[in-house]
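The numbers here are math on the coordinates, done by the rules we state, and not lab data. Owing to the predicted nature of the structure, the values given are computational and were not obtained by experimental measurement.
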């Protein structure tokens, strides 16, 4: 029978200098056991040098129903991309 | 016997004691898989079990080399009788409830960390190399078992009651862990450095039990010979070994 432990999101930094990336989630009674469970599940094969765990209920997520208003307006606004700008000929290798 | 053969016999005895300690506890922990409170805890206990199994394999392989009779690691795991196993009694104790398992694991880990830390400076290259790895593994095991000891001991009334019951049940077997007087030849030659293992073990037990708001049962004095380290076991070991050895014995020489 499950004791109903809360869910935690696990982020692992693969090596120094790169970002923590979301790896998955674990059930655990508290912060310390969440870290230990994350270590056991996700870093047994030297996948990481650092782990973050965040209580899943503390993650504020966007509503899938809001997709249209949140993300679609970016369409057709090419000036938001660096490739939209022509460099002067004398600037090489930018 | 010459000095060399005395030393060799002591070394073989020492290596088997610790190989057996690791193997028997690995088997006990394996019995939790699919039965622990949560999937994540299944993983944690199985991981610890596999670390211990890895330590046992290194030790048995080394035992075969020290013994020099052409045996391999499987011989020591599968083809010896209970009376030939030299593990301390605590590791063969039944799992009981989760708190019993945690009490057993904590007492074992507190000892094992002190043991492997000391063994890092062994004059025996094989044991020193294993100690370097095992000390790291065992520190993580202790973090897990000590964490649960404190969490359950300093938790609810029910968890406190169960954790105390687990500690009371396992405590009588703790004293045996650090009580060995017959390894003197190995100490003199530096194979088993005498670097205050018992002191470190006692200090870890005292601080964790206090932090967990538990009560340490009365200290049990044990004989420095006899007991599990010398092959005198409880009725639990033969049953455990039956399960561990049945496949290898039913199909000798079978491979995957």
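Which of these, B:122, B:139, B:189, has the largest mean-square fluctuation under a Gaussian network model of chain B (Cα springs below 10 Å)?
Per the Cα network of chain B with a 10 Å cutoff, B:189 tops the list.
In percent, what relative contact order does the stretch B:108-224 have, based on Cα pairs under 8 Å that are 6 or more apart in sequence?
38 percent
Using only DSSP helix segments of four residues or longer, with each worth -39500 (n - 2.57), what per-residue ellipticity at 222 nm results for chain B after dividing by its residue count and rounding to 500? Present the calculation step by step, with values, prior to reporting the outcome.
Numbers: 10 runs with 167 residues, N = 256.
The helix-only estimate for chain B comes to -22000 deg cm²/dmol at 222 nm.
Hull surface divided by four, with the convex hull built on the Cα atoms of the stretch A:1-57: how many nm²?
On the way: hull surface 15.8 nm².
Orientation-averaged projected area of the Cα hull: 4.0 nm².
For Cα pairs less than 8 Å apart in space and 6+ apart in sequence, what is the mean separation divided by the residue count of chain B, i.e. the relative contact order in percent? Walk me through the numbers before you get to the answer.
Working: 342 pairs, mean separation 63.2, N = 256.
About 25 percent, as a whole number.
Over the stretch B:3-250, what lengths in whole Å, largest first, do the semi-axes of the equivalent ellipsoid take, defined as the square roots of 5 times the eigenvalues of the alpha-carbon gyration tensor?
Numbers: eigenvalues 163, 88, 52 Å².
Taking √(5λ) for each Cα gyration eigenvalue gives 29, 21, 16 Å.
Semi-axes of the equivalent ellipsoid of the protein assembly as shown: what are they in whole Å, largest first, if each equals the square root of 5 times a C-alpha gyration tensor eigenvalue?
Each semi-axis is √(5λ); the values are 47, 26, 20 Å.
Test of understanding: express the Cα radius of gyration of the stretch B:1-67 as a ratio to 2.2 N^0.38 Å, with N the residue count.
Cα-based Rg divided by the globular estimate yields 1.46.
Which angle between 0 and 90 degrees, to the nearest 10, do you get for helix B:98-119 versus the longest principal axis of chain B when only C-alpha atoms count?
50 degrees
Given bins 10 angstrom wide, list per bin the percent of all Cα-Cα distances in the stretch B:118-256, short to long.
P(r) over the stretch B:118-256, rounded to whole percents: 10, 26, 33, 24, 7, 0.
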